[in-house]
Amino acid sequence: AFGTYIGGDNDDLVNDFQLLSDGSIVFAGSTRNITEVNETIPDNTTGQEALFGKIRVPVTGPVVFDIIDKFGGSNNDLGWGIFNLGDSVSMVVGETNSSNFPLGSGLVFQNTRAGNYDGFIAKIYNDGSPGYKATFTGGSDEDILVSIRPVTVNNRIALLGWGTTSSTDLLTRNFNSGTFFS
């Protein structure tokens, strides 16, 4: 029903997207110098940055970019996957080699980068509201998260992220002291 471009004058990638119940699309990727729209997440505008956006698709008329926001630290940051939790919050995962990748405020699972590249998990509000939050996840070598989905285990909802790792010391969390399948 429609087509559009997104990007600036350098490499811009959209790697994953999700549909919201109203027909809007949220997406994740990476960019070098895209023009931001309603940005709220901090970035250092150097290197490659992770990308989050939301496109509103009205019944009639043109599509509208409600949000185009790049985020990351002073090195390379790539957004690989996205999953929306309802219509208000998206979880974006990827990889970063920025020690100053923005984490937001408060406690996180892992507050420092441990290896050359670590995975990251970021919570972003789809309407651009404040409350962005992120965490590193990685060991002493290279770790990349490419997708994330919620799962129910023992009547509890957890986030399952997957990707690749070269780290032998990656922090893991298992349910009920079960075997970790590597």
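The values are calculated or read from the model by the stated rules, or taken from the named source; none is laboratory data. Predicted, not measured: the structure shown is a model, and the values here were computed from it. Don't worry about glycine lacking a Cβ; one is built from the backbone with ideal geometry, like all the others, and counts go over all protein chains shown. Just the protein is used for accessible areas: all its heavy atoms, side chains included, with ligands, DNA and RNA removed. Shrake-Rupley method; radii C 1.70, N 1.55, O 1.52, S 1.80 Å.
Values as computed for the structure displayed
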quantity	calculated
Residue within region 120-139 that is surrounded by fewer than 12 Cβ atoms within 10 Å (Cβ to Cβ), farther than 25 Å from residue 39 by Cα and in contact with a Lys or Arg (Cβ under 8 Å, 6 or more places away or on another chain) present	no
Any chance residue 167 is at pLDDT 85 or above and part of a loop (DSSP other than H, G, I, E, B)	yes
Selection from region 66-97 of residues that are farther than 13 Å from residue 42 by Cα, open to solvent by less than 10 Å² (accessible area, probe 1.4 Å) and not in a strand (DSSP E or B)	none
Every residue from region 52-74 that is within 16 Å of the chain's Cα centre (by Cα) and within 21 Å of residue 111 (Cα to Cα)	70, 71, 72, 73
Meets criteria (more than 21 Å from residue 127 (Cβ to Cβ), open to solvent by 10 Å² or more (accessible area, probe 1.4 Å) and assigned to a loop (DSSP other than H, G, I, E, B)) for residue 3	yes
Hits in region 28-61 (condition: surrounded by fewer than 21 Cβ atoms within 10 Å (Cβ to Cβ) and either free of Cβ contacts under 8 Å to residues at least 12 places away in the same chain or outside any loop (DSSP other than H, G, I, E, B) (or both))	37, 55, 56, 58, 59, 60, 61
